[in-house]
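Next up is a structure, given as structure tokens.
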Amino acid sequence: MKYDVIVVGSGLSGLAAGIRLAMFDKRVVIVEKHTVVGGLNSYYTRKNRTIDVGLHAMTNYAPKGARSTPLGKLLKQLRLSHDDFRLHEQEMSAIRFPDKCLHFTNDFELFKQEISEQFPDQIDGFMGLVKKIESYDELSLFTSEWTSSQDILKSYISNPILIDMLFCPLMYYGNASERDMDFYQFVIMFKSIFIEGFAKPLGGMTYILNLLVDKYKNLGGELRMDSEVESITSKNGIFKGVNLVGGDQLTADVLISSMGRVETLKCCNPPLELDWEDSGSTGQVSFMESLFALDQEPKNLGYPNSIVFFCTENQFRYEVPAELIDVSSGVLCCPNNFKYPENLSEGMIRLTNLASFRLWNTLSRREYIDAKKEWRAKALENLFTFFPDFRDSVVFLDSFTPKTIYKYTGHLNGAVYGSSKKAKDGTTPIRNLFICGTDQGFLGIVGATLSGISMANLHVLQSKSAQNR
Amino acid sequence: MNREEVRQAVVDILEDIAPDEDVSSIKDDISLREQMDLDSMDFLDIVMELRKRFNIEVPESDYQELVSMASCIKYLQPLLKDRQLAS
Ligand SMILES: Cc1cc2nc3c(=O)[nH]c(=O)nc-3n(C[C@H](O)[C@H](O)[C@H](O)COP(=O)(O)OP(=O)(O)OC[C@H]3O[C@@H](n4cnc5c(N)ncnc54)[C@H](O)[C@@H]3O)c2cc1C
């Protein structure tokens, strides 16, 4: 059977691309190597608990009716209503550094007020930066020159602590590069976190993924699980088809891949010459995450916020650590502290720290298991110099590392935000082979979904050559 | 299809592409973009739906004909005159 389009990966970007294509009667198949959908944002079950892997919070919250926001566009394009996502807004989040703490909610005015109170001499500069951000076209699909956000921030803000405090959440939730951030990405993240804000779907990722899979299947889309793409074949530089592990071959006019850019190019047959730019930009940034199920609500234990981005030292370092993990900064997420109609069944705290794939990957199995315990304990010890101790309330815990992320998503180095070089228009050296998702440049749950939509629109639905096929 | 049916066909499409929208209050003479916050992605959807439902190709140079309900009807009626409004 020949398809119009093969989509590789059933993460959010792949599912979204699939839905758009199936909606307009394209013969489309999504091939996924794992047995569960979701990719970087999936879920697993352990001891009768269903645990979200990725989701802390959905960024880009917009109320019903705000149609020109990223969330509004996403819902319209997938023909879902706002109610379908069952979103519940955050209570309050915080950025906590040794001497300063900034709170924010889904009302941007509060954040401005926090900054004017905590950094009175910086508010004018900050407002200048906001003005620049608001007028910036960050969603353009045309690649622009790398622009240093560090340099731009320094031109508006003279206090290095405030600069680090602004970077901390934006980097943790969406920066593929170490230390600095391409400015368009900074703008995307700034808008999605500070101006728009956080919400969580009732029922978590399982619910959202089921919603998307049902939509896709009802539109006639085909989903092949447990089907890993082994190679992508082309002839004279034009995409032909894929070979799956186990021997099946599929052919199609177009391939849209969410595996990652380098990961996709490495699968090509005949092989492509990867230049240094390609291989040198392979993503490095990854995380260790631990989750703690509690015998009570986090609030009762002194954790009232939805998400806290913290740094226990005065200088924030967003880079691959020289040890297995860097305990000096991280993200704390309390899924309970969202405005749900009723309390969740169990209290939960999640803790994310920067981690080194290379170091985790050198460990033997035995060492790996011990190291997880050891570093989880170290991360907690450092956390409790700043926050109340909750160890006595833990009824279940689990951790995953960059190695886990690599194993389940195939992203090299377990790089959560992909390559530091983005292919914004999705094109590759092979004709009719396109990239969507993380490496196209829109990150996070809402970003990845929009990425799949945009690439399906641009390269299949809108494309002149596609209409004549 | 008569004028009213063509209008209904367009309303049906708008209802599908903007599920949160109240399409019953659309004014014929005001641009759709303004009334419903439609963007270029939505116009792509209108064009795709016309192709899917009625096999009509709207070339990019004609997109401006879809600017308001009134202009949609004017543009589409000749193309749809021999067609039945599907259920
Ligand atoms: C710990 C963690 C926390 C996060 N927290 C948040 C958050 O709070 N909010 C937020 O918005 N975002 C969060 N994210 C980011 C978000 O999950 C991602 O940006 C988004 O899910 C990326 O989707 P994608 O479709 O681009 O990629 P993926 O989800 O990685 O999709 C790629 C898919 O391709 C499949 N695949 C790979 N290779 C092959 C092959 N050869 N053959 C077949 N299939 C293949 C993979 O199995 C995978 O399913 C988090 C991520 C992680 C890991």
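For A:ASP84, are the conditions met, namely being within 14 Å of chain B (Cβ to nearest Cβ) and assigned to a helix (DSSP H, G or I)?
Numbers: within 14 Å of chain B (Cβ to nearest Cβ): yes; assigned to a helix (DSSP H, G or I): yes.
Considered against the rule, which asks whether it is within 14 Å of chain B (Cβ to nearest Cβ) and assigned to a helix (DSSP H, G or I), A:ASP84 comes out as yes.
Please specify each residue of region A:208-244 satisfying the condition of being assigned to a strand (DSSP E or B), surrounded by fewer than 19 Cβ atoms within 10 Å (Cβ to Cβ), near the ligand (Cβ under 10 Å from one of its atoms) and not hydroxyl-bearing (Ser, Thr, Tyr).
Across region A:208-244, the qualifying residues are A:ARG224, A:GLU230, A:LEU244.
Taking the residues in region A:18-43 that are within 14 Å of another protein chain (Cβ to nearest Cβ) and part of a helix (DSSP H, G or I) as candidates, determine which candidate is surrounded by the fewest Cβ atoms within 10 Å (Cβ to Cβ).
A:ALA22
With respect to A:PHE111, determine if the residue is of a type outside the set (S, T, N, Q), away from the ligand (no atom under 12 Å from the Cβ) and within 14 Å of another protein chain (Cβ to nearest Cβ).
no
Where residues in region A:422-432 are surrounded by fewer than 24 Cβ atoms within 10 Å (Cβ to Cβ) and not hydroxyl-bearing (Ser, Thr, Tyr), which of them is nearest to the ligand (Cβ to nearest atom)?
Of all residues in region A:422-432, those surrounded by fewer than 24 Cβ atoms within 10 Å (Cβ to Cβ) come to A:423-425, A:427-432.
Add one more test, that the residue is not hydroxyl-bearing (Ser, Thr, Tyr), and what stays is A:423-425, A:429-432.
On the way: A:ALA423: 12, A:LYS424: 14, A:ASP425: 16, A:PRO429: 18, A:ILE430: 16, A:ARG431: 20, A:ASN432: 18 Å.
Among those that are surrounded by fewer than 24 Cβ atoms within 10 Å (Cβ to Cβ) and not hydroxyl-bearing (Ser, Thr, Tyr), it is A:ALA423.
Got a sec? Which of A:LEU351, A:LEU359, A:LEU363 is more than 14 Å from chain B (Cβ to nearest Cβ), within 15 Å of the ligand (Cβ to nearest atom), within 22 Å of A:GLN284 (Cβ to Cβ) and among the aliphatic types (A, V, I, L, M)? Spell out the reasoning first.
Numbers: A:LEU359 fails: within 15 Å of the ligand (Cβ to nearest atom); A:LEU363 fails: within 15 Å of the ligand (Cβ to nearest atom).
Step by step, each of A:LEU351, A:LEU359, A:LEU363 is checked, and only A:LEU351 is more than 14 Å from chain B (Cβ to nearest Cβ), within 15 Å of the ligand (Cβ to nearest atom), within 22 Å of A:GLN284 (Cβ to Cβ) and among the aliphatic types (A, V, I, L, M).
OK, next. Which one of these does A:LEU291 not meet: (1) more than 16 Å from the ligand (Cβ to nearest atom); (2) in a strand (DSSP E or B)?
(1)
Report, ordered by the first and then the second residue, all pairs with beta carbons closer than 7 Å, sequence separation of six or more or different chains, a first member in region A:295-318 that is without any contact (Cβ under 8 Å) to a residue 60 or more places away in the chain, and a second member that is surrounded by 15 or more Cβ atoms within 10 Å (Cβ to Cβ).
A:GLU297/A:ASN336; A:GLU297/A:GLY347; A:LYS299/A:ASN337
Turning to a different aspect of this structure: Within region A:6-34, how many residues turn out to be acidic (Asp, Glu) and more than 6 Å from the ligand (Cβ to nearest atom)?
Filtering region A:6-34 down to residues acidic (Asp, Glu) leaves A:25, A:32.
Narrowing further to those that are more than 6 Å from the ligand (Cβ to nearest atom): A:25.
Summing the residues that are acidic (Asp, Glu) and more than 6 Å from the ligand (Cβ to nearest atom) in region A:6-34 gives 1.
Give the residues of region B:48-58 that are over 11 Å from the mean Cα position of the chain (by Cα), part of a helix (DSSP H, G or I) and within 13 Å of another protein chain (Cβ to nearest Cβ), sorted by residue number.
B:ARG51, B:LYS52, B:ARG53, listed by residue number.
Looking at (1) closer than 13 Å to A:VAL5 by Cα; (2) more than 14 Å from the ligand (Cβ to nearest atom); (3) touching a His at 6+ places or on another chain (Cβ under 9 Å), which is the only condition A:LEU202 fails?
(1)
If I ask for residues that are under 24 Å from the mean Cα position of the chain (by Cα) and away from the ligand (no atom under 16 Å from the Cβ), which ones from region A:325-343 would you list?
A:VAL327, A:SER328, A:LYS339, A:TYR340 - these are the residues of region A:325-343 that are under 24 Å from the mean Cα position of the chain (by Cα) and away from the ligand (no atom under 16 Å from the Cβ).
For the structure I just gave you, tell me whether A:GLY452 is within 11 Å of the ligand (Cβ to nearest atom) and either surrounded by fewer than 24 Cβ atoms within 10 Å (Cβ to Cβ) or more than 14 Å from every other protein chain (Cβ to nearest Cβ) (or both).
Working: within 11 Å of the ligand (Cβ to nearest atom): yes; either surrounded by fewer than 24 Cβ atoms within 10 Å (Cβ to Cβ) or more than 14 Å from every other protein chain (Cβ to nearest Cβ) (or both): no.
Criteria not met by A:GLY452.
Among the residues of region A:93-108, are any surrounded by 20 or more Cβ atoms within 10 Å (Cβ to Cβ), more than 22 Å from A:TYR303 (Cα to Cα), small (Gly, Ala, Ser) and more than 10 Å from chain B (Cβ to nearest Cβ)?
Checked against the condition, which is being surrounded by 20 or more Cβ atoms within 10 Å (Cβ to Cβ), more than 22 Å from A:TYR303 (Cα to Cα), small (Gly, Ala, Ser) and more than 10 Å from chain B (Cβ to nearest Cβ), region A:93-108 yields no hits at all.
Tell me, which residue of region A:44-68 that is surrounded by 20 or more Cβ atoms within 10 Å (Cβ to Cβ) and hydroxyl-bearing (Ser, Thr, Tyr) is farthest from the other protein chains (Cβ to nearest Cβ)?
A:THR59
Restricting attention to region A:245-267, which residues are surrounded by fewer than 18 Cβ atoms within 10 Å (Cβ to Cβ) and hydrophobic (A, V, I, L, M, F, W, C)?
A:VAL245
How many of the residues making up region B:3-32 are more than 11 Å from chain A (Cβ to nearest Cβ) and among the charged types (D, E, K, R)?
8
Check whether at least one residue in region B:33-47 is over 11 Å from the mean Cα position of the chain (by Cα), buried (at least 16 other Cβ atoms within 10 Å of the Cβ) and away from chain A (no Cβ under 14 Å), and report yes or no.
For region B:33-47, residues over 11 Å from the mean Cα position of the chain (by Cα), buried (at least 16 other Cβ atoms within 10 Å of the Cβ) and away from chain A (no Cβ under 14 Å): absent.
If you don't mind, another one. Quick one: A:SER463 ticks every box in (1) of a type in the set (Ser, Thr, Tyr); (2) modelled with pLDDT under 95; (3) within 15 Å of the ligand (Cβ to nearest atom) bar one, so which box is it?
Exception for A:SER463: condition (3).
If only one of A:GLU273, A:GLU196, A:GLU289 is closer than 20 Å to A:GLY11 by Cβ and either surrounded by fewer than 20 Cβ atoms within 10 Å (Cβ to Cβ) or touching a residue at least 40 places away in the same chain (Cβ under 8 Å) (or both), which one is it? Reasoning before the result, please.
On the way: A:GLU273 fails: closer than 20 Å to A:GLY11 by Cβ; A:GLU196 fails: closer than 20 Å to A:GLY11 by Cβ.
The unique qualifying residue is A:GLU289.
State whether the residues of region A:140-152 include one that is free of Cβ contacts under 8 Å to residues at least 24 places away in the same chain, crowded, with 18+ Cβ neighbours inside 10 Å and not charged (D, E, K, R).
There is no residue in region A:140-152 that is free of Cβ contacts under 8 Å to residues at least 24 places away in the same chain, crowded, with 18+ Cβ neighbours inside 10 Å and not charged (D, E, K, R).
Need at least 3 residues that are closer than 26 Å to A:SER306 by Cα and among the charged types (D, E, K, R) per element, so show me which helices (runs of 4 or more DSSP H) inside region A:348-422 make the cut, counting only ones lying wholly within it.
Those helices (runs of 4 or more DSSP H) span A:365-383.
Now for a different question. Restricting the search to region A:386-421, which residues are within 12 Å of the ligand (Cβ to nearest atom) and among the aromatic types (Phe, Trp, Tyr)? Let's see the steps before the verdict.
So in region A:386-421, the residues within 12 Å of the ligand (Cβ to nearest atom) come out as A:399-402, A:404-412, A:414-419.
If the condition is that a residue be within 12 Å of the ligand (Cβ to nearest atom) and among the aromatic types (Phe, Trp, Tyr), then A:PHE400, A:TYR406, A:TYR408, A:TYR417 are the ones that fit.
Additional query: Looking only at region A:106-137, count how many residues are under 23 Å from A:PHE183 (Cα atoms) and among the polar types (S, T, N, Q).
Residues meeting the conditions: 3.
The values are calculated or read from the model by the stated rules, or taken from the named source; none is laboratory data. For clarity, every value in this text was computed on a predicted model and none was experimentally measured. Cβ coordinates were reconstructed from backbone atoms using ideal geometry, including for glycine residues, and neighbour counts include every protein chain displayed.
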